Amino acid sequence: MSRYDFDLFTLGAGSGGVRASRMSAGYGARVAIAEERLLGGTCVNLGCIPKKLLVYASQVRAEVEVAVKGYGWAIEPGCHDWANFIANKDREIARLNGVYAGLLDDAGVARIEGHASIVDPHSVEVDGKPYTAEHILVATGSWPQVPDLPGREHTITSNQVFHLAEMPRRVIIVGGGYIAVEFAGIFHGLGASVTQLYRGPLFLRGFDDDVRTGLAQEMRRQGIDLRFDADPARLEKTEDGIVAVLADETRLEADCILYSTGRRPLTGGLGLAAVGVELDEKGAIVVDEFSRSTVESIWAIGDVTDRINLTPMAIAEGMALARTVFGQQPTKPDHDGVPSAVFSQPAIGSVGLTEAQAREQYAEVDVYRSHFRPLKHTLTGSGERTMMKLLVDRRSDRVVGLHMLGPEAGEIVQGFAVALKAGATKAIFDATVGIHPTAAEEFVTLREPVAD
Ligand code: NDP
C-alpha cells in the first residue's frame, strides 16, 4: 500500500496533462488531475480548435468569389451572422469538453476542479484541500502576454477574441507570429478592415525567408494593411473606438485591438520556487531530457517548459513521460524534425531547417524552389501564387528542409514530414511519382536547383 494518495498528480488538464494522465493510468498508476478552467486547455478552448473553425468561416467569402469569377455560379453577396456562428462553435467546444471528461473518467483518472499549488515535493493543495502523490506533473501551459504600454487595458488577446459579442468592423492586430497572421486572415476573410503592426522589418521570425516575404505579399495583395517597423506607443479610447498611436504619432483607429505578442509559461501561484523547482529567465520550468524538473519527484511538460510550444509536442512529451515514469521504458521526447503549420491565408507548412539554418549547418546546400499559380485560379484571374521549396545537403543528398506557402500547406507538409523523419534523400523524392494534378506533386518534380 502506497503512502501517497496518488502515484501521479497532474496540474493542468490541457492536451499534454490529459494525455500523460490517461497513459499513466493505463500503466496502472493511480492518477488525479486538477484543472481550474475548462478541460482541454488552450488548444481546445482558446486556441487550435476554435481558431481552425474561425479560419473555415473566414474562407467562405473568397470561395464564393472564386465560384462567381471562374466557375459559372451566380451567388448574391451574402452576410455573415457572427453570433450564430459563435454559438455553433461554442456548442462544439462544449461537446469536446465533455469528450475530455469522458476520456479521463474512462481511464480511471480522478478529476479535481480548482486551483492547484505545490506544497512540498509530494504534496499538492487544491483550493485548500490537501493531496499527496509520489510524482507531480506540472502541465499548466502558457498565457498571452501584452507589453506594458499606456492604454493596455483597451486591448484584447486570444483569451477574449473567441467570444466577442459582435464581429468588429475595423481590427488592429499587433504582433508578427502565428496568432497575429492567423487572425489577420480570419478578420479580413470575415469582411473587417484589418491593419497588422509588427515591430521588426519582416514578420514570422524563425520561418524561412521566402515564406515570410511570400505571405507578406499575399496578405497585401488581398488588401490587409500590413505595416512593418510599426509598434503602438500608446492606446487611447475614443467615442468611436480605440486609437493606436505609433511612435511617429501616426493614429490608427479600430473597434478592436488584438495583441498577439507571445505567451508566457503559466508558473505563477504554483508554489514552484518555494519547493526548489528552477525556472529560467522567462519563467519556464527547467527540465532535463526526460521532462524532470530540478526536484526529483516533480516533472513538467508542454508550454510551461517553453521547448517547442505546440499541442502535438506537449502530447508527445506527455506520452514519453508516462513511459518513463510508469512504463519501465525511459523515453526522451524527440524534438527533432517537428513540422508545423500556420493557418494564415494562404497557409504555411514547414518542416526541418530554413534556408538560413541549412546554410549555417551544411557546407553546400542546394535550394529547389517553385512559384506557381494554383490550378483553381487559372479561371479566376486571381494573382495568388503558391511557393514550394526544398533544401538539400549536397554531400549526403538528404532533404533537410521543406517549406510551402499555399492552400492546404499543413495537410501536404504533414505527409512530407514523415519522409524527412525517415531521412529521405533528394533521389528518393525524384524517384517518387507525383499525383496529378495536385500542388503537392511539385515537391517530387523539382529538378533544377536555384543558381547559388
Ligand atoms: P509568437 O511567439 O509566435 O509571436 C509573437 C510575436 O509578437 C512576434 O512577432 C514577436 O516579435 C512579437 N512581440 C513579442 N513581444 C513583443 C512586444 N513587447 N512588442 C511588440 N511585439 C512583440 O506568439 P503568438 O502570440 O503568435 O503565439 C503564441 C504561441 O502559440 C506560438 O509560439 C505558437 O507556439 C503557438 N501557436 C501555434 C499555432 C499553430 O501551430 N498554428 C497557432 C497559434 C499559436 P519578434 O519576432 O520581433 O520577437
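Coordinate-derived values only; no laboratory data. Being a predicted model, the structure only gives us computed values, none of them experimental. When we count neighbours, we look across all protein chains shown, and the Cβ atoms used for this are built from the backbone with ideal geometry, even at glycine.
Here are some notes:
- In region 183-257, GluC sites (Glu not before Pro) in a DSSP loop with at most 15 other beta-carbon atoms within 10 Å: Glu239, Glu249
- Taking other residues whose beta carbon is less than 13 angstrom from the beta carbon of Asp209, and scoring Lys, Arg as +1 and Asp, Glu as -1, yields +2.
- Ranked list, fewest to most other Cβ atoms within 10 Å of each Cβ, for Arg91, Arg37, Arg212: Arg91, Arg37, Arg212
- Low-density loop positions, GluC sites (Glu not before Pro), region 118-191 - DSSP coil, at most 15 other Cβ in 10 Å: Glu166
- Helical mean residue ellipticity (222 nm; -39500 (n - 2.57) per DSSP H run of 4+; nearest 500) of the chain: -10000 deg cm²/dmol
- The mean sequence separation of alpha-carbon pairs under 8 Å and at least six residues apart, normalised by the residue count of the chain, gives a relative contact order of 15 percent.
- Partners for Lys421 among lysines (Cα-Cα distance below 23 Å; same-chain residues under 8 apart left out): Lys332, Lys389
- Computed over region 1-71, relative contact order equals 28 percent, with contacts defined as Cα pairs under 8 Å that lie 6+ residues apart.
- Between Arg170 and Ser193, Asp255, Cys256, the built amide H atoms are under 5 Å apart, and every one of these is 5 or more places off in sequence or on another chain.
- Cβ charges +1 (Lys, Arg) and -1 (Asp, Glu), total dipole of region 182-326, debye: 200 debye
- Extending 7 Å from Cα along the Cβ direction at Asp105 and again at Asp225 yields two label points whose distance is 5.1 nm.
- Environment charge at Ala254 (Cβ cut-off 12 Å; Lys +1, Arg +1, Asp -1, Glu -1): -1
- Classified by the C-alpha gyration tensor, the chain has an oblate form. Its axis ratio a/c, with a ≥ b ≥ c, is 1.5 or above, and a/b does not exceed b/c.
- Judged by the ratio a/c of the largest to the smallest principal axis of the C-alpha gyration tensor, region 179-243 counts as oblate, that ratio being 1.5 or greater while a/b is no larger than b/c.
- For region 1-135, averaging the sequence separation of C-alpha pairs within contact (under 8 Å, six or more residues apart) and dividing by the residue count gives a relative contact order of 35 percent.
- What you get for the chain, charging only the Cβ of Lys and Arg (+1) and of Asp and Glu (-1), is a dipole of about 660 debye around the Cα centre.
- Positive-end residue of Val286, Phe326, Ile308, charge dipole of region 272-328 with Cβ unit charges: Phe326
- Residue by residue, region 277-292 carries 3J(HN,Hα) couplings of 7, 7, 10, 8, 5, 8, x, 7, 6, 7, 10, 8, 5, 9, 6, 8 Hz when phi is fed to the Karplus relation 6.51 cos²θ - 1.76 cosθ + 1.60 (θ = phi - 60°); x denotes Gly or Pro.
- J(HN,Hα) series, region 191-199, from Karplus relation 6.51 cos²θ - 1.76 cosθ + 1.60, nearest Hz, glycine and proline x: x, 7, 8, 10, 10, 10, 10, 10, 5
- Taken about its Cα centre, region 351-452 carries a charge dipole of roughly 60 debye when the Cβ of each Lys and Arg holds +1 and the Cβ of each Asp and Glu holds -1.
- Length added when fully stretched, Ser2-Glu296, from 0.36 nm per residue minus Cα-Cα: 104.1 nm
- Of Thr311, Thr432, the sequence from fewest to most neighbouring Cβ atoms within 10 angstrom is Thr432, Thr311.
- Percent of Cα pairs exceeding the 18 Å cut-off, where the set is region 115-186: 58 percent
- With 0.36 nm allotted per residue and the present C-alpha distance subtracted, the Asn84-Trp143 stretch has 18.5 nm of extension available.
- Scanning the chain for cysteines with no neighbouring cysteine C-beta under 4.7 angstrom from their C-beta gives Cys79, Cys256.
- Once you reduce region 329-401 and region 30-100 to the center of their Cα atoms, the two points are 27 Å from each other.
- Using the Cβ of Gly434 as centre and a radius below 10 Å, the other residues enclosed give a net charge of -2, where K and R count +1 and D and E count -1.
- Computed from backbone phi with θ = phi - 60° and the Karplus coefficients 6.51, -1.76 and 1.60, the 3J(HN,Hα) list for region 218-235 is 5, 5, 5, 4, 6, x, 7, 8, 9, 10, 9, 6, 9, 8, x, 8, 7, 10 Hz; x is used for glycine and proline.
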